[in-house]
Structure formats: C-alpha cells, structure tokens
Amino acid sequence: MITLPPKSTDEGAETRLLLAECRGPSFSGYNLADATNCMQLMDLVLWNRVDDPKKFLAKAPTLVAVITAKGQFKGFGQYPHYDNAIVNNIQQMIDIANNPKDSRATQFASFISAAIKIAKAPQTIPEPSPGTLTAWRTAGSGSPGLGFTFFQTVFGTAFYYT
Amino acid sequence: MHPPRKSNRSIAITTICLISLEIAIGLGFPQPFRAQACQQSPDAKMFNVASDPDFKNYQQVVTRFAKKHRPKAENNFCIIGSSTDNVKNAWVLWREGSQIILWEGGSDLDLSRRIIHLKSDVVPTEGDLHGSTYLVTKSWVDDLSRSCSRLGVKVHTRKVKGSHKQ
C-alpha cells in the first residue's frame, strides 16, 4: 500500500511536486529510468535554490519557501494547500498504484516510490552541469528567463543552469 | 526537517542567455520552433498529430474535454505536435478557455502536467520570468499561436444537445 509522506514535511512537499511536474506513466513513451533521472535533477534544482533563495523569489532558505515562491511552481504557491487538479491527478496515480486489479498498478507504484525515495534521500545527485542547475521547463516552452543556460532535456523536461 | 545535504555545489557561472526573437513562421513539417528560446536550448520540431500513432486520437480527446468543461457552448481548439530530443508532446490551444494545454499522449487532457492560463500565466518579457517553471512570455504565446494557425489541426465542438437543461 503506497502512501505519500505527510504534507507538512519537506519530503511530503517535494514528493507531491515531483509527481506533479515529472512526466509519469499516464503519458506516451514513459519509462522509469528517464522519469527517475528527471526527478533526481528536479531534486537538485530545488536544493540548489534553497542555497540561493532570494534569486528565485523565495523568502527563506527552506524547501517550502522555494516551492511556494511567487510564480515558480504552478499550483504550489499556497502549499500545503495546492491546486485541486494536481491533488486529483496525484490521488488518481495513488489509486491506480494501490489497485492490484489494475494492470498499470506496478508501473504507477514504481513511479511514486521513486519520487518518495528521491524526496527522502539525504543527498542530491552530484551537480552534473558546468554551473549550478537551478531551473526546469516543459521542453519547447522557452527559457526560464535571463541568465539561464540550457543544460539538457530529460523526458520532456528541459533543465537549465546558472 | 530534511537532513542537510552534502555541499557538492560548483561555483555558479552566470551566462547571459541571448534572447532569440526568431519567429516560427512559414515553416513546413518538420521544422524547428525557436519561440524565444535561449541560444543553446533545444529546437522543438513540429509534427502533425493527425499522422502520429500517439496523438491521432486528438479529435476524440479534445471533444471529450470540451464536453466535460464547457458543454453548453461551442469550443475551438488548435493542436500542434512538438518533439524535443525524441520526446513527443502536443500543445492544445483552447480559444474559449484561454488556455494552452500540454498533451503528452493518452486519452485524458485533464491529466496534463502543464496548463497555461493565458489570463494569469503570461508575462511581457523573459526578464519577468525569474526562473519560473511555468510562466511564459507573450512572444512565445504569439509564436505558438501563429505556428498552430498555419500548421496545426483544428477541432470545433458544438454545444452538447440538451446541455441547456443542466
């Protein structure tokens, strides 16, 4: 039975954000390795922002302050209250994962477990970019702004460093 | 509280990204779409959703979406495929809903992980983005709209019969 970490914890906040932002098993071309890579890079971006919060409009060097920073992560500006559509989508993923009669259960369970594991990990992955990885965008939706340099695209998400 | 993480940070190197103002007009399939992207950002190649196995059900998908969200009126959609590094998706421009919806295949647009609300998620310039994961510039929206008008497929949905009784 898969359950998410409590909403009030950093792990809970990050798990929900990763599930909302990473391309999951609902979509074409899904594979766990790419999704995991994508979420690990997102994890790194978040914690790099914790190191330099003001640059990304966060009011404090905390994960929740980074996630709730104005205009940064869609639907999470008022976390722990977050967008209803995201709540529903995540609940749908959990329901599928916990339904042994659903042929997609294993795939969704693996995806959610990977998000939880990454959010709970005491370390980020090592910095892979030539600078500091600090942003992501849906591939093909333009850059995150001035001063960002494209690093790589992973499974439909483009990552940028500063 | 999350445990402190090992500091494996490099010194930040800020590289000013030159803003490309190239406009994606007059392009055929497939062509790169460079809507206000950084010089080094990947080109998105447009493709026709009607001929792609993962997206050819576009009519069914947007019609179901329209019936669910705005059944009492006509709706107009423009859909254009976009491929980056061999990962395909499509942008669904919903005129009456003032939204641009990312569609990554599948049958349910409500599962989208990116819905751009044109009334709240569009900023004038790249200088207004500040690292946002979802805000877009007006020129990006304009470029996408132009490309979709020229190259995308269009779907018109009628008012659902009897919907006025709801």
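Numbers below:
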{"read-out": "Chain A: angle of helix A:10-21 to the longest principal axis, Cα-based, in degrees nearest 10", "value": "80"}
{"read-out": "Exposure rank, largest accessible area first [B:Arg70, A:Arg23; 1.4 Å]", "value": "B:Arg70, A:Arg23"}
{"read-out": "Three-way shape call for the protein assembly as shown based on the alpha-carbon gyration tensor, with the a/c threshold at 1.5", "value": "oblate"}
{"read-out": "Residues with amide H under 5 Å from that of A:Ala135, placed H, sequence gap 5 or more", "value": "A:Tyr160"}
{"read-out": "Cut-off under 5 Å, modelled amide H: who pairs with B:Glu96 long-range", "value": "B:Asn76"}
{"read-out": "Rounded to whole Hz, the Karplus (6.51, -1.76, 1.60) HN-Hα couplings of region A:152-161, x for glycine and proline", "value": "6, 9, 10, 6, x, 10, 9, 10, 10, 10"}
{"read-out": "Residue-by-residue Karplus 3J(HN,Hα) for region A:63-73, coefficients 6.51, -1.76, 1.60, Hz, glycine and proline x", "value": "4, 5, 5, 5, 5, 8, 4, 4, x, 9, 10"}
{"read-out": "Label-point separation in nm, A:Lys120 to B:Ser98, each point 7 Å along Cα→Cβ", "value": "4.3"}
{"read-out": "Cα-based helix-to-principal-axis angle, A:32-51 vs chain A, degrees rounded to 10", "value": "40"}
{"read-out": "Chain-alone versus full-assembly comparison, region B:122-138, residues with accessible loss of at least 10 Å² (1.4 Å probe)", "value": "B:Glu126, B:Gly127, B:Leu129, B:His130, B:Gly131, B:Ser132, B:Thr133, B:Tyr134, B:Leu135, B:Val136"}
{"read-out": "Degrees separating the helix A:105-120 axis from the principal Cα axis of chain A, which is the longest one", "value": "40"}
{"read-out": "Accessible-area value, B:Lys68, 1.4 Å probe, nucleic acids and ligands omitted, Å²", "value": "140"}
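The values are calculated or read from the model by the stated rules, or taken from the named source; none is laboratory data. Just so it is clear, the model here is predicted, and its values are computed rather than measured. Cβ atoms come from the backbone with ideal geometry, glycine included; neighbour counts cover every protein chain shown. With ligands, DNA and RNA removed, areas are computed over all heavy atoms of the protein, side chains included. Shrake-Rupley method; radii C 1.70, N 1.55, O 1.52, S 1.80 Å.
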